[in-house]
Every structure is written in C-alpha cells, then in structure tokens.
1. Please rank A:V29, B:V113, fewest neighbouring Cβ atoms within 10 Å first, as an exposure proxy.
2. Stretch B:T67-B:K136 to full length: gain in nm at 0.36 nm per residue minus the Cα-Cα span?
3. A:V101's amide H: which non-local residues (gap 5+, or another chain) put their own amide H closer than 5 Å, with H modeled 1.01 Å from N in plane and none for Pro or chain starts?
4. For the stretch A:38-44, in order, what is each residue's ³J(HN,Hα) by Karplus, 6.51 cos²θ - 1.76 cosθ + 1.60 with θ = phi - 60°, in whole Hz (x at glycine and Pro)?
5. Looking only at other chains, what is the average number of their beta-carbon atoms within 10 angstrom of each beta-carbon in A:96-105?
6. Using alpha carbons only, how many angstrom separate the centre of the stretch A:24-50 from the centre of the stretch B:78-135?
7. Sort out for me the Cα centre separation of the stretch B:43-66 from the stretch A:57-121, rounded to whole Å.
8. Summing Lys, Arg as +1 and Asp, Glu as -1, what charge do residues with Cβ under 15 Å from the Cβ of B:P84 carry, B:P84 excluded?
Amino acid sequence: MLNLATDAASPASSPNGTEDRAVTVGPRVDVLETESEFLVVADMPGVKPGDVDIRFEKGELSVHGRRPATREYAPTNYQRVFKVADSVAADKITADLKVGVLTVRLPKVEAVKPKRIAVTG
Amino acid sequence: MSQIRRHPLGSLWNDFNQVQDEFAKWLGRASTVPTAAQLTVWEDEHAVYAEADLPGVDPAKLEVTVTEGNQLTVVGERTPPEVPGSVWLRQERPFGKFTRVVGLPALVDADKVEAKYVDGVLKLTLPKHEAAKPRKIVVKGE
C-alpha cells in the first residue's frame, strides 16, 4: 500500500540541460506518516521558494529545487523522486519552503483515514 | 512526542554516535558528528568569508564567535520535525547540537564580523585586521 519510502529512479541529467556546470544531488529527506497525511521534509539550503518545482504524476512525487551559483559553488539541482501510494489525495498536496527546508504535505484520501465508529447501545 | 520507527541500522547509527559523543566529551571536545556544518572559507585582500549550509536551524540558536582574532566557532542546534502522532518512515536529516571550529587564514577584526542567515545558509564576512591587510610599500628613488 505504501511505497513512499522507496525512491523511484531519478533522471540522471539536469532537467533542462541549460546549466552545464550544474551539480545534481539528492537532498536528504525525512518522511513521516500520521493518520491523515504523509510528510516529506527535504533539506534544500540556498534555494528560494520561487525556485522549487514539485510534480505529482503517475503515482510519483518529484521535488526539484534550483540553487543558484555562488562565488564558490556551481549551481546545484536538488532532485528526488518518490513513489507514492494511491492513498494520497493528489489534488490536495501542498508544500512550503522555509530556511532551506522544504516540507511537502500529502494528505491521504478520505477512504483510507481511520474512522471512529460510534457504537450505540 | 512522536513515535519513532527506525531503520534497523538507525539505532546502531545512534549508538555509534553516542559512543563517539562520549568519546569526544572525554577528550574535552564537542561532538562534530554527524550534524556538523560543512564550512567553506575563502578570502580576498579585505576580508575572510565563510559559508555553511545549515537548513532548518533556528537563527536565535546559532552562535558565531571569533577568538584570538583567527579562530572561528559556529555552534548551533538542529531539531527533528515534531509532528504529533507521527511515525518515521525515513530519517536522513541529521539533528542535534553541533560545533565547528576552524582556524582562519588571517587575523580578522572580531568587532566588525557580519553574519547573515538566508535560505538556510549562514554567510559570514570577517573583515581582516589592519595588520593582516596587504600594504603597498612606496619605493623611493634616490
């Protein structure tokens, strides 16, 4: 049912091929699960919120952040792809980026959330 | 507190770190694993610059000190995500206290050090001490 903890194959080259000096790295991530959602937390230091691209298609979540070149570094592409279970409500995925940490929230579809059934006497 | 379900190696890794921490303490040094910041240091004729990727750190808990004019210390702490009622499926991001001490290539003016924390990157500008700046010597003709 849940395959979020397994990476799908990542494309090896940079997505647009424009920055040939660019380095592509897989960011370190934490993945957490609660009753109602999955959380993917990724370290993307140096990336601004406008430079993040998150896609969800064919059951795969791909996160991509572009870090511009600095005096000492080549531009960096943080990229990682996750296989996501069908139990995720794709249209309700949200993400935010704060102090270099990207948090993607993947709410579960109603059907898989645990429900408390009231017992009547 | 969130419940933790780790990779089997995870607990071993923690034990290992703990042992290393103890060992570091015993040697009278702060731990430098595995949360330690990678510092990049470079210089020009006016200043020494240092940068460290420290995503997700509370800037209020970041401490930057310069001692003896050329020893830079960065102390901070990274906390794990606190999500009530959650279980871990994967845990790769390091957390805990870290200390990094580096010797700088020149004497700097500790009063004029500038520290910025932007998008999870700590950027330091450490202006060189007058004595460390290159000086042009005028050659007098006879």
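Laboratory data are not the source of any read-out in this text; all were calculated from the coordinates shown. Remember, it's a predicted structure, so these values are computed and weren't measured experimentally. Note: ideal-geometry Cβ built from the backbone for every residue, glycine included; neighbour counts use all protein chains shown.
1. B:V113, A:V29
2. Gain in length upon complete extension: 22.0 nm.
3. Result for A:V101 returns A:M44, B:G56.
4. Residue by residue, the stretch A:38-44 yields 9, 10, 10, 10, 10, 7, 9 Hz.
5. Details: counts 0, 3, 4, 11, 10, 8, 3, 2, 0, 0.
That works out to 4 on average.
6. Between the Cα centres of the stretch A:24-50 and the stretch B:78-135 lies a distance of 21 Å.
7. 30 Å
8. On the way: positive: A:R105; negative: A:E33, A:E35, A:E37, B:E82.
Result for the neighbourhood of B:P84: -3.
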